[in-house]
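Everything below concerns the one structure shown next.
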Amino acid sequence: MEEKEIILKVQDLNIEFHDHLIPETVVYDFNLTLKAGEIVGLVGESGSGKSMSALAVAGLLRRHDMKKTGQILFDGVDLLNCDRKVLRKFQGKEIGMVFQEPMTSLNPVKKIGWQVEESLRIHTQLNKEERYRRVIEALENVELQDPERIVRQYPHELSGGMRQRVMIAAAMICKPRLLIADEPTTALDVTIQAQIVKLLKRLNREEGTAVLFISHDLSLVKRLCSRILVMKSGYVVESGETQQIFYHPGDAYTKKLIEAIPAYEKR
Amino acid sequence: MKIKREPMKRISKNSNFIAGAVLTGLILLFIIIGCIHTPYDPEAMDGAGRFAGISWRHPMGCDNFGRDILSRVMTGAGTTLGVAFATVAIGAFFGVIWGAFAGYYGGLLDEIFMRAADAMLAFPSILLALMIIGLFGPGKYNVILALGIAFVPSFARIVRSEFIRCKNMDYVRSARLMGAGNLRIMFVHILPNAFPVILSSVLIGFNNAVLAEAGMNYLGIGVMPPDASLGRMLSEAQTYIFSAPGYAIFPGIVLILMILGFSLLGEGVRDN
Amino acid sequence: MRGKTILKKTVSTIITLLVVSFLVFLSFSVIPGDPAVSQLGTNATPERVEALREEMGLNRPFFLRFGEWLLSFAGGDMGISYSYKIPVKEMILDKLPITFTMTVMAFILVVIISVPVGIYAAKHQGGRTDRAVITINQVFMAVPPFFAGILITVLFGVVLKLFTPGGYVSYTKNFWGFVGYLFFPALAIALPKAAMTVKLLRSSLLEQAELDYTRTAYSRGNTTRDVLYRHVLQNAMIPVITFLGMALADIFTGSIIIEQVFNIPGLGRILLTSISNRDYPVVMAIIVCLAFAVIVINLLVDVIYRFADPRIRNED
């Protein structure tokens, strides 16, 4: 296999909150390299800083009450310290994002079609018909039945799994090079979880999109990712190839996580 | 991801409550002093003192009859507060009974009670009050009656929904098993639990009552002269707006402070 | 589904209208005092009173009178004023444009003041302007409209001399002069309501801005401006629409008092004169008309609300 180009390089990322009297650091010296077409898992319990790191990469931590240091290089551009205008050129176009709660992540008063095509409206000059065609395509691509009807529906008319598919379709509509999935299956039923994981895997294979998959569920990550980073209270405690981490975990915390997986899922 | 900002919010809510309590306390003190002692007889006229300006003798000046405005504001604020208090008491008393029966028994009774409440609520309270004044004629007690009746349905609605919420709770069921009668369950068991909700609507109702009372008196259909009331003072002051623009200021400010105090207090209670 | 909901709402509105008119009619039928006596004076002979009662139809059964009154009311015949001896309908139609114009102006003022201010305050949350807006709001909310009217009269009429206090201009003589005069009373009613709207809109916007879908919107490359106007605003307006509906009804009835402050001969004026003259047909007609207007406004708000919030639209 040829050497793939590096699309994302996070160097020494530190995130510190300043909205309380005592500053609180939530991410320490986070480092990550992601190659084109790769699926990397970011694992840890809630509060471990994994979501914060992911949000920082997506450029969604631009608040004044927190201090961030380090570099997030996407295509050689530092997304952490660049102008907002530059950052927005990447958001939705090069980096798509799917969130944990499909119930609340969609705007309740806008039609699905309007929300799925939004990135196209922002980043391309396509006209209405072309955008419509792309929306239908994208909805079909995430295996939704009857896309012509869905574009005219509102989020509350869809089930949780359908909404998460819609979120993925919206995130993928500009064919981004990186998809960040922040606990995309946590709020869903187990059967639907498996379907969503399969879908992400297929999209990764067919579209060549790199995926940063954030989860607290090690068994899901094992099925999907080629590499894993394990985080605990703001630190990356272990990283490496999935197989290696699973069979030779170096860190005590990783061992505990692996032990927590029910035996029948380990195979 | 949710970034908690609780500590800061709590302080600002508390400051609302404190400001409201201080303001209401000062107004109450002002009124209580007014009940015991006023610098002058609020009804004593003094031809030489017409429109006297602000001075040590008359801190708020004098009105068109040479009456001391401070003394009149003190008694007038008392009248306003008294009317508002009586109004809310009537509205809350009948509203609680109405809402309790409708919510507790439900069914046809509830349907009839709530249709009637809807019809009454379709009338903005000032219009309902005006209609009742139209029926019974002007006067302080008719204003109390009119506004009181106008406030009943809104209390009834709030109490009803509280009773519907509470009537199937475990403590009500156990009270029933122990043989408590319906009336006892309604007013001894459920009512105390509905109290916090009723308290915050009483404070909001107080606010509306002060506004409505002042409005009625401004229209000249409330307290009859020579009794002082803030609304009537304002309407008298308006006649002399060119010659004595200051006459309207003090009754108006006291009225605003009163409403401000109650609304801050109401918000503070609701948020805490 | 949707047609059915509207039909249901309309039917329940009609029932409310009937109940309201029944309650009004009932109230005015059981009032202490005989309208025939009050019209003729207490010195009138019993024969003359009886004759007038017969003439006024007061001796017939209650429900028959209610039915007749309702039918003729629906047909536009609201009876004859006791004191002016002219049809009530003419009196109302004559005054309605004044009150109506003032209400519409005040409502427009509420919207054009509160929406930009609310958005600005929310955008600059915690800033100096925001804090100033919160404080000013809290005070404005506590100002009774008629006192606001007096202050406006002093400021704009006496000090700045932008209008002549009490110098009402009839709309038949000079329409723009009429509108110009009504601007100030409209402002007096609008300011306290605008303050309440600002407060509600500001907190609604801030609440919505915290929700997950705004983060989604940012993740697609929206500017802060687009997130606000294309995503957050419509959601934040949903509770504001309900409030504005109630405010519109309040403004309409609040005009009764404000007309008094600015010496405007509108509906409020004849209502108050008729109350003190015990001119019951006029009082009844105006109260029923105002109540009808309020009920219809409520219905419209309900429809608009459903339009703004698809979650409600698909219910029932």
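In the stretch C:9-23, the qualifying residues are those that are closer than 15 Å to C:ASP302 by Cβ and free of Cβ contacts under 8 Å to residues at least 40 places away in the same chain, and the one that is nearest to the chain's Cα centre (by Cα) is C:ILE14. Within the stretch B:237-263, residues that are closer than 17 Å to B:ASN208 by Cβ and part of a helix (DSSP H, G or I) have Cβ atoms under 7 Å from residues that are open to solvent by 20 Å² or more (accessible area, probe 1.4 Å) and at pLDDT below 85 in these pairs: B:PHE262/B:LEU203, counting only partners at least 6 apart in sequence or on another chain. For the stretch B:113-141, the tally of residues that are in contact with a helix residue (DSSP H, G or I) (Cβ under 8 Å, 6 or more places away or on another chain), more than 9 Å from every other protein chain (Cβ to nearest Cβ) and either without any contact (Cβ under 8 Å) to a residue 60 or more places away in the chain or outside any helix (DSSP H, G or I) (or both) stands at 4. Which of the residues that make up the stretch A:211-260 are assigned to a strand (DSSP E or B) and open to solvent by 10 Å² or more (accessible area, probe 1.4 Å)? Scanning the stretch A:211-260 gives A:ARG227, A:LYS232, A:TYR235, A:VAL236, A:VAL237, A:GLU238, A:SER239, A:GLY240, A:GLU241. Restricting B:GLY91, B:GLY78, B:GLY134 to residues that are within 24 Å of B:ILE190 (Cα to Cα) and of a type in the set (Gly, Ala, Ser) narrows the list to B:GLY91.
When you look at A:GLU140, is it assigned to a helix (DSSP H, G or I) and more than 23 Å from the chain's Cα centre (by Cα), yes or no? Here the answer is no, as A:GLU140 does not meet what is asked.
Pick from B:PHE206, B:PHE195: which is without any contact (Cβ under 8 Å) to a residue 24 or more places away in the chain and at negative phi? Break it down stepwise before answering.
Numbers: B:PHE206 fails: without any contact (Cβ under 8 Å) to a residue 24 or more places away in the chain.
The conditions single out B:PHE195.
Scanning the stretch B:241-272 for residues that are more than 21 Å from B:ALA214 (Cα to Cα) and out of contact with any Phe, Trp or Tyr (no Cβ under 8 Å at 6 or more places or on another chain) gives B:PHE242, B:ARG270. Could you tell me whether B:VAL152 is away from chain C (no Cβ under 11 Å), in contact with an Asp or Glu (Cβ under 7 Å, 6 or more places away or on another chain) and either outside any helix (DSSP H, G or I) or closer than 30 Å to C:ASP279 by Cα (or both)? So B:VAL152 does not fit the description; no. The set of residues in the stretch A:1-33 that are within 14 Å of chain B (Cβ to nearest Cβ) and either part of a strand (DSSP E or B) or touching a strand residue (DSSP E or B) at 6+ places or on another chain (Cβ under 9 Å) (or both) comprises A:ILE15, A:GLU16, A:PHE17, A:HIS18, A:ASP19, A:PRO23, A:GLU24, A:VAL26, A:VAL27.
The residue that is surrounded by the fewest Cβ atoms within 10 Å (Cβ to Cβ), counting only those in the stretch A:143-170 that are of a type outside the set (Val, Ile, Thr) and within 16 Å of the chain's Cα centre (by Cα), is A:ARG163. Of the candidates A:ARG133, A:ARG202, the single residue that is without any contact (Cβ under 8 Å) to a residue 40 or more places away in the chain, open to solvent by 40 Å² or more (accessible area, probe 1.4 Å), outside any loop (DSSP other than H, G, I, E, B) and over 18 Å from A:GLU38 (Cα atoms) is A:ARG133.
Counting only helices (runs of 4 or more DSSP H) that sit wholly inside the stretch C:183-292, those with at least 3 residues that are within 14 Å of chain A (Cβ to nearest Cβ), open to solvent by 10 Å² or more (accessible area, probe 1.4 Å) and among the aliphatic types (A, V, I, L, M) are C:233-261. The combined condition, being on the phi > 0 side of the Ramachandran plot and in contact (Cβ under 8 Å) with a residue 24 or more places away in the chain, is fulfilled by B:GLY220.
Just one of the listed residues (A:LEU73, A:LEU79) is open to solvent by less than 50 Å² (accessible area, probe 1.4 Å) and either of a type in the set (Gly, Ala, Ser) or touching a residue at least 24 places away in the same chain (Cβ under 8 Å) (or both), and it is A:LEU73. Taken as a whole, the structure leaves A:ILE173 outside the set of residues that are open to solvent by 40 Å² or more (accessible area, probe 1.4 Å), within 14 Å of chain C (Cβ to nearest Cβ), of a type in the set (A, V, I, L, M) and within 22 Å of A:GLN91 (Cα to Cα). Of the residues in the stretch A:52-63, at least one is within 14 Å of chain C (Cβ to nearest Cβ), open to solvent by 30 Å² or more (accessible area, probe 1.4 Å) and within 24 Å of A:VAL86 (Cβ to Cβ).
Each residue in the stretch A:187-207 was checked for being under 15 Å from A:LEU224 (Cα atoms) and among the small types (Gly, Ala, Ser), and 1 of them qualify. If you go through the stretch C:131-149 and keep only what is more than 10 Å from chain B (Cβ to nearest Cβ) and surrounded by 17 or more Cβ atoms within 10 Å (Cβ to Cβ), you end up with C:VAL133, C:ASN137. Within the stretch A:85-129, the residues that satisfy the criterion of being more than 8 Å from chain C (Cβ to nearest Cβ), surrounded by fewer than 21 Cβ atoms within 10 Å (Cβ to Cβ) and closer than 21 Å to A:THR209 by Cβ are A:GLU94, A:ARG121, A:THR124, A:LEU126.
The values are calculated or read from the model by the stated rules, or taken from the named source; none is laboratory data. Remember, it's a predicted structure, so these values are computed and weren't measured experimentally. Here the Cβ is made from the backbone with ideal geometry for all residues, glycine too, and neighbour counts use every protein chain on show. The accessibility values were calculated without ligands, DNA or RNA, using every heavy atom of the protein model including side chains. Shrake-Rupley method; radii C 1.70, N 1.55, O 1.52, S 1.80 Å.
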